[in-house]
Each structure stands twice: as structure tokens, then as C-alpha cells.
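To start, the structure under review is shown below, and the notes come after it.
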Amino acid sequence: MNLNEVEESDGALVTRYLNGEADALETLVNRHKIRMYTFILNMTRSREEAEDVFQEVWLRVIKNIGGYREKNLAAWLMRIAHNLVIDRWRTRKETVSIDAEGGESIASLERSAPESSPAENAAEREITARVAAAINELPAEQREVVLLRLELDMPFKEIAAIQRVSIGTALARMQYGLSKLRRVLRQEYSALKEDA
Amino acid sequence: MNCAKSRKMILLKDAGELDAKRCHELDGHLAACSECRDFFRDMVSLRSIAHSAVRSGEPSARVVEAVLSTAPIVKNRPGKIFALSFTRFAALAAGFVLLVGGALIIAPWNRNSDASSSSAGDVSTIVAMLSVEHENSSTAPENGNPAQLRQLARQLLEMEGINAGADDESPEFILLFEPQPTDLQSRSISGSLPGECV
């Protein structure tokens, strides 16, 4: 991605795309693909399904882009993704077991703390794995708020809009989710202290 | 401020959605409440852990390619372009129909008024021609003989197929056909200045 692409706003890219410039859409897809895919992946917990939803989101975007009037394209994308995930859950009761694939997360943790000792690395990996499992165990609406807030850094106003609830409800869901994660965190820290 | 409210304020502050007044209130509460301070600290820890704990990745190139390959079909939006063209075409067609319809309705009225105006125009022309002829020809009726001029004008109009009116003494006919000497001079093609008598 070059400097011009960074400087060009989503709105300008949408306009360019509507004027027939296909490369503008490519820039938009590349700009938002990681955040959007991460969100969908953590909601669906399946790569295959995440790719299906990802593709479907963009098909909807392309279909409705002529009527795009919003200021925040990222929020619009997340809202479409949220709706598609919910639709899938409605049509198929959520039977997916907790996905134990933590390879990517652990790998990224290892990259992020190269100077830690092997023991510290192992402890951090353990905590991360437990938190990841705890996030996966959260009810969908709490998990979504936690993901959107902690991972994608979205404000509560937008999260509330995506979930079509009040800001108070979004805050309450976040609080419940954090309470469960804190319990896991505290248990792990306690265990670490005991081991030490 | 109680702890339940304080924790919501902590979340809002972390998201940058808390106004200055409430921030100040929150700071006061945090200074006095160790449990809320722990909540705040845990939230910060969880944020950093969550970045590692959350599975991240990107879609396969095949999926991105599939999205982009679908785009050209939609981007041209032929349906929309056609819809716009059709709307414009419909508006133009409606305008054309109104124009033609209006012209057809108004045409008979125009024809009547054209006939009378052409009669008047013809008469004026004839009278002017007659006056020129009178100036140039010795056989022409004498200047100031309106009866002869009227007769000639009527004959010429009849030759053209225009009914100049049976009643040549009617006020309209006189108004249109009475060749006043000054009028004749002023209409003269010879270009004599008004007021100059021959």
C-alpha cells in the first residue's frame, strides 16, 4: 500500500469506484480485510466460514455501495458482517465447539516477547491460551463487544450501533465479559504466584 | 459515584468517549476506591493479552480475488445507468408530446389570426406597391383616388384567393385599405422623407 492509498479516505475511494475505477475497490478491500476478517474469524471460529462471510460482506457492499451515505465505512462493514454472522447462527444453531486452534496467537505472542525467558514465555503462553479460551466461551453478544472494543478498538457508540442496542447495554455486555476474563486472569496470576 | 457507575465510566474513558467533567469525577472515585483501580488495571492487562489471544489473520488470496472479480459486473451498474437514461428519455418524450399536442391545439387559432394578418400584410404591400407604381406610371390612377386604389387592391387580393370582404366600405376595410396620401408617401419605396410632398 503506497502513501497515496493511505491518504485517500474511504469516502473518496467509494466515489472513485462508483466512477468506474476498479482499483479503488481493491484498495478498500486490502485496507479493511485484516480487521474485518479477524472479527469474522473470531465470531464464526471457523476459517472456512469466515472466508464465506468475508466474501458475502463484500458482495453486499458492492451491491449497495451506490446508496452508501455513512461516514464510517469500517463500522458499516462490521455491521454487515455482524448481521451475516447472526443470520448464520439463526439458520444453524451454534454447535461449533470451542476451537482449540491457538497456533497463530501463540506464534504472535512468541514474536512479541522475544527477550523473555523460556519459563516466562511458557507462563505467558498459558495465560494467553486461557484468556483466548475464555473469550471463546463468552456468549456471542459479549464476545462481540469484547472483540470490537479490545481488538478492533471501536468506540461504544459504534458497537451499540452494530448490535442495535443502547450504549448502556453495550457497556453492560462489556462489563460481564470483562468480569469473566478477569476471573481467568486472576486465577492464572494466583497460580503463577504459587508456583513462584 | 458508585462502583458500578465508575466501571462504566472507566470503559468509556478507555474508549475516549467520556467528557471532561465525568473524567474528573472518575479520577476522584479511583483515588478513593482500590477495587475500581484493580478493575482498571485488569482491563489494561486484558487489552494487551487480548491482542495475542484473539485469533488474527487475513482471508486467502483466492477469496479476495473472488471479491474483486465480481466487482466489474456490478461497478458498471448497467441497470442504474439504463434507469437514468430511461428517466431522461421519458421526460424528453413527455415534453415532446406536450409540445406537439399544444401546437396541434393552438394551430387552428393561429391559422385564423394568420389569415387576417396576412390579409393586412398583403394589403399593406399592395398599397405600397400601388403607390410606387403610381409614382412611376402615367397610367396609374391619380394620386388621392382611393376608390380606384381600393378596387385594384381588391382585385389583386381576389387573384391571390383572399377574400377582402364584400363590404369594402366597412370600417375595417377602410382602416386597412384606405390609402392616406401621407401614408402612401411614408410607405413609398422611393424613400422620400416624411413631410416632403411630391
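The values are calculated or read from the model by the stated rules, or taken from the named source; none is laboratory data. Here the structure is a predicted model, which means the values were calculated and not measured. Every residue, glycine as well, gets a Cβ built from its backbone with ideal geometry; the counts of neighbours run over all protein chains shown. Heavy atoms of the whole protein, side chains included, go into the accessibility calculation; ligands, DNA and RNA do not. Shrake-Rupley method; radii C 1.70, N 1.55, O 1.52, S 1.80 Å.
Being at the interface with chain B (Cβ under 7 Å from one of its Cβ atoms) and surrounded by 17 or more Cβ atoms within 10 Å (Cβ to Cβ) is the filter here; which residues of the stretch A:6-54 pass it?
Once the filter is applied, which keeps residues that are at the interface with chain B (Cβ under 7 Å from one of its Cβ atoms) and surrounded by 17 or more Cβ atoms within 10 Å (Cβ to Cβ), the stretch A:6-54 yields A:TYR17, A:LEU25, A:GLU26, A:VAL29, A:LYS33, A:TYR37, A:THR38, A:LEU41, A:ASN42, A:GLU51, A:PHE54.
Would you say A:THR15 is at pLDDT 85 or above and farther than 13 Å from B:LEU68 by Cα?
yes
Residues that are more than 30 Å from A:ALA133 (Cβ to Cβ), at least 3 per element: which helices (runs of 4 or more DSSP H) completely within the stretch B:1-69 meet that?
Qualifying helices (runs of 4 or more DSSP H): B:20-32.
Residue by residue, here is whether (1) at negative phi; (2) facing chain A (nearest Cβ under 7 Å); (3) open to solvent by less than 20 Å² (accessible area, probe 1.4 Å); (4) in contact with a helix residue (DSSP H, G or I) (Cβ under 9 Å, 6 or more places away or on another chain) holds:
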{"residue": "B:ILE10", "(1), (2), (3), (4)": "yes, no, yes, yes"}
{"residue": "B:GLU25", "(1), (2), (3), (4)": "yes, no, no, yes"}
{"residue": "B:PHE40", "(1), (2), (3), (4)": "yes, no, no, yes"}
{"residue": "B:VAL44", "(1), (2), (3), (4)": "yes, no, no, yes"}
{"residue": "B:HIS51", "(1), (2), (3), (4)": "yes, yes, no, yes"}
{"residue": "B:GLU58", "(1), (2), (3), (4)": "yes, yes, no, yes"}
{"residue": "B:VAL63", "(1), (2), (3), (4)": "yes, yes, yes, yes"}
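Which one of these is modelled with pLDDT under 80, surrounded by 12 or more Cβ atoms within 10 Å (Cβ to Cβ), more than 10 Å from chain A (Cβ to nearest Cβ) and in contact with a Lys or Arg (Cβ under 7 Å, 6 or more places away or on another chain): B:ALA128, B:ALA153, B:ALA115?
Step by step, each of B:ALA128, B:ALA153, B:ALA115 is checked, and only B:ALA128 is modelled with pLDDT under 80, surrounded by 12 or more Cβ atoms within 10 Å (Cβ to Cβ), more than 10 Å from chain A (Cβ to nearest Cβ) and in contact with a Lys or Arg (Cβ under 7 Å, 6 or more places away or on another chain).
In this structure, is A:ALA191 aliphatic (A, V, I, L, M), modelled with pLDDT under 90, part of a helix (DSSP H, G or I) and open to solvent by less than 80 Å² (accessible area, probe 1.4 Å)?
The answer is yes for A:ALA191.
Run down A:LEU150, A:LEU178, A:LEU185, A:LEU171 and say which single residue is more than 17 Å from B:LYS8 (Cβ to Cβ), at the interface with chain B (Cβ under 9 Å from one of its Cβ atoms), touching a helix residue (DSSP H, G or I) at 6+ places or on another chain (Cβ under 7 Å) and open to solvent by less than 50 Å² (accessible area, probe 1.4 Å).
When all the criteria are applied, what remains is A:LEU185.
Being at the interface with another protein chain (Cβ under 10 Å from one of its Cβ atoms) and in contact (Cβ under 8 Å) with a residue 60 or more places away in the chain is the filter here, so list the residues in the stretch A:153-168 that pass it.
Scanning the stretch A:153-168 gives A:MET154, A:GLU158.
Taking the stated definitions as given, is A:MET174 outside any helix (DSSP H, G or I) and within 24 Å of A:ASP87 (Cα to Cα)?
When the stated conditions are applied, A:MET174 does not pass them.
Does A:VAL57 satisfy the condition of being more than 16 Å from the chain's Cα centre (by Cα) and crowded, with 17+ Cβ neighbours inside 10 Å?
Taking the combined requirement at face value, the residue does not satisfy it.
Looking at B:LEU84, is it at pLDDT 80 or above and either more than 11 Å from chain A (Cβ to nearest Cβ) or within 26 Å of A:HIS32 (Cβ to Cβ) (or both)?
Here the answer is no, as B:LEU84 does not meet what is asked.
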